[in-house]
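What follows is a short report on a single structure.
The values are calculated or read from the model by the stated rules, or taken from the named source; none is laboratory data. The model shown is predicted, which means the values in this text are computed figures rather than measured ones. Using ideal geometry, Cβ is built from the backbone for each residue, glycine included, and neighbour counts are taken over all protein chains shown. Just the protein is used for accessible areas: all its heavy atoms, side chains included, with ligands, DNA and RNA removed. Shrake-Rupley method; radii C 1.70, N 1.55, O 1.52, S 1.80 Å.
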Amino acid sequence: MTKSSKVLIATIVCMLLTGFVFASPLLQLFYHDAKPFKFFGYQFAAEFEPIVIASVKDVPEGTGHSFSVKLDLPFAGPQYVRQDIYGIIANVDGEFHAYSAVCPHLGCIVRWDEEKDPEQRIWCNCHNGAFNPTTGEVTAGPPPRGLPVYSIKVEGDDIYLESTEEGGE
Ligand code: FES
């Protein structure tokens, strides 16, 4: 490949990326459920049937439980894409709380650590970030914000994920 064709390819890639960034606000005109996401692109409201993510007995009081589930989520308007959702459930005094397990610092997956202080038991081992199991708020380390809260419900022996947006639909 010649030098000029490499420059041409790099130029086209840069133009496409720039075009995507500037086209994103236009996308929102047509798809009202699109929300700005990070520096580019849009995150779409996730609508799905409640899905079982754990059994009540998987999360005894005072413990946490990681889960992952595949969901078909809207992406780029009418298109759907199958995504892995990683989450963590905490049982604090008999109440279940669920959060995204993707650390808002640099995207590592958080986990439950019994050895930590009660306020820091949702822990990210990448840079020692910690989150409060009751609220998802940051209690230690560099994460710039808390974990996104997931809406869940308990029916019988099962815990269902209802929405990946706080408070559900
Ligand atoms: S990625 Fe979690 S603390 Fe840095």
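Some values worked out for this structure:
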| item | result |
| --- | --- |
| Gyration tensor verdict on region 45-163 (Cα atoms; rounded if a/c is under 1.5, prolate if a/b is larger than b/c, oblate otherwise) | oblate |
| Exposure ranking of Asp113, Asp72 by accessible area [1.4 Å probe, largest first] | Asp72, Asp113 |
| Residues with amide H under 5 Å from that of Val92, placed H, sequence gap 5 or more | Gly62, His97 |
| Charge sum, other residues only, whose C-beta stays under 10 Å from Cys124's C-beta, Lys/Arg counted +1 and Asp/Glu -1 | 0 |
| Carbon/sulfur fraction of accessible area - region 93-169, other protein chains in place, 1.4 Å, % | 42 |
| Region 156-163 - phi-based ³J(HN,Hα) in whole Hz, Karplus 6.51/-1.76/1.60, Gly and Pro as x | x, 8, 10, 10, 10, 8, 9, 7 |
| Accessible area in square angstrom per residue, region 45-163, 1.4 angstrom probe | 52 |
| By accessible area with a 1.4 Å probe, ligands and nucleic acids excluded, highest first: order of Ile159, Ile152 | Ile152, Ile159 |
| Additional length obtainable on full extension of the chain from Ala10 to Gln83, 0.36 nm per residue less Cα span | 23.4 nm |
| Top positive-direction residue, dipole computed over region 75-151 with Cβ charges, set Gln79, Ile122, Asn91 | Gln79 |
| Farthest toward positive dipole pole in region 45-163 [+1 Lys/Arg, -1 Asp/Glu at C-beta], among Ile53, Pro133, His105 | His105 |
| Loop-resident sites, region 103-133, for GluC sites (Glu not before Pro), counting at most 10 other Cβ within 10 Å (DSSP) | Glu114, Glu115 |
